[in-house]
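This report concerns only the one structure given below.
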Amino acid sequence: GEDVEQSLFLSVREGDSSVINCTYTDSSSTYLYWYKQEPGAGLQLLTYIFSNMDMKQDQRLTVLLNKKDKHLSLRIADTQTGDSAIYFCAEKISERMDSSYKLIFGSGTRLLVRP
Amino acid sequence: DGGITQSPKYLFRKEGQNVTLSCEQNLNHDAMYWYRQDPGQGLRLIYYSQIVNDFQKGDIAEGYSVSREKKESFPLTVTSAQKNPTAFYLCASSIFHTGANQPQHFGDGTRLSIL
């Protein structure tokens, strides 16, 4: 079955690095995404990684993918108070019967950045 | 600027009443999606549409209906059959191309409450 799991909560001090982890079960995943949700708002796409990559860096964000263990992580360097939000990982799977697809979302990790 | 517009931001429903949530996009995306988000939970797919005049049920379609008469618009009706409609509703859109990177772009959501 399809399942994406995340830890519920992470608290870090301003200026430290944050690492948010995600595990998934579907080995046919092609793309994996990280989204950020601020209170009362929609989801904002932060970054993504293709399944044949191990790592992707984008400014303060580093995504690591361990395909063997089906483990994805998002590292935020020099975490700021403005990074406080809920972070969702999502995997793209294919429903092969009709070539459609959907994203499977984790339940989100709430990041709290302490001054 | 291109984007996804959801309206209204807040909506109240009386018992036995149907309500319709609006979602419009000017990104020229083929695919559109409706998700439901409950507190502390991830996103659950209600309906999605890959092309005009066609749509598919997601994981929790019961008590909801949609239409896709125009590429830009994908309204969601919450019917009286949906007994627990209080939630945050998110609309998203994406390109549709099998095998390609297809991140979903989200609106700012509609919060529906029962009076």
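Derivation of every value follows stated rules applied to the coordinates shown; laboratory data play no part. The structure presented is a predicted model; accordingly, all values stated were derived computationally and were not measured. Quick reminder, even Gly has a Cβ in these numbers, built from the backbone with ideal geometry, and neighbours come from all protein chains shown.
Looking only at other chains, what is the average number of their beta-carbon atoms within 10 angstrom of each beta-carbon in B:86-96? Let's see the in-between values first.
On the way: counts 0, 0, 4, 0, 4, 1, 3, 0, 3, 0, 3.
For this peptide, the per-residue mean of nearby foreign Cβ atoms is 2.
Taking the inverse of the mean reciprocal distance over all distinct Cα pairs, the Kirkwood hydrodynamic radius of the protein assembly as shown comes to 18.3 Å. Where a ≥ b ≥ c are the square roots of the eigenvalues of the C-alpha gyration tensor, would you call chain A rounded, which needs a/c under 1.5, or, failing that, prolate if a/b is larger than b/c, or oblate? Cα axes put chain A in the prolate bin.
With θ taken as phi - 60° and the Karplus curve 6.51 cos²θ - 1.76 cosθ + 1.60 applied, the whole-hertz 3J(HN,Hα) list for the range B:67-75 is 9, 9, 7, 10, 4, 7, 10, 8, x Hz, x standing for glycine and proline. Phi angles of the range B:59-66 translate, via the Karplus equation with coefficients 6.51, -1.76, 1.60 and θ = phi - 60°, into HN-Hα couplings of 7, 9, 6, 4, x, 10, 9, 9 Hz per residue; Gly and Pro are given as x.
On average, how many beta carbons from a partner chain sit within 10 Å of the beta carbon of a residue in B:30-41?
Mean number of neighbouring Cβ atoms from other chains: 2.
Ranked by the mean number of other Cβ atoms within 10 Å of their residues, highest first, the peptides A:41-52, A:3-14 fall in the order A:41-52, A:3-14.
Counts of other chain beta carbons within 10 angstrom of each beta carbon in peptide B:103-109 average 6.
Roughly how many debye, to the nearest 20, is the charge dipole of chain A about its Cα centre, given +1 on each Lys and Arg Cβ, -1 on each Asp and Glu Cβ, and no other charges? Write out the running numbers ahead of the final one.
Values: 13 positive and 15 negative charges, 31 e Å.
With only Lys, Arg, Asp and Glu charged at Cβ, the dipole is about 140 debye.
The trypsin sites (Lys or Arg not before Pro) found in the range A:16-77 that occupy coil by DSSP, while having at most 11 further C-beta atoms within 10 Å, are A:K68.
For chain B, the relative contact order works out to 35 percent when only alpha carbon pairs closer than 8 Å and six or more residues apart are counted. Near A:T25, the amide H atoms lying under 5 Å from its own belong to A:D3; only residues 5 or more places off or on other chains count, and H is placed 1.01 Å from N. The amide H of B:Y47, built 1.01 Å from its N in the peptide plane, has B:W34, B:G58 as neighbours under 5 Å, considering only residues 5 or more places off or on other chains.
Using C-alpha pairs under 8 Å with a sequence gap of at least 6, the mean separation divided by the residue count of the range B:69-115 gives a relative contact order of 39 percent. Going from the residue with the fewest nearby Cβ atoms within 10 Å to the one with the most, A:M53, B:M32 rank A:M53, B:M32. A Cα-only calculation for chain B places Rg and Dmax at 13.5, 44 Å.
Phi angles of the range A:7-21 translate, via the Karplus equation with coefficients 6.51, -1.76, 1.60 and θ = phi - 60°, into HN-Hα couplings of 6, 7, 8, 9, 10, 9, 8, 3, x, 7, 8, 10, 10, 10, 10 Hz per residue; Gly and Pro are given as x.
Charging the Cβ of each Asp and Glu at -1 and of each Lys and Arg at +1, and nothing else, the dipole of the protein assembly as shown about its Cα centre rounds to 280 debye.
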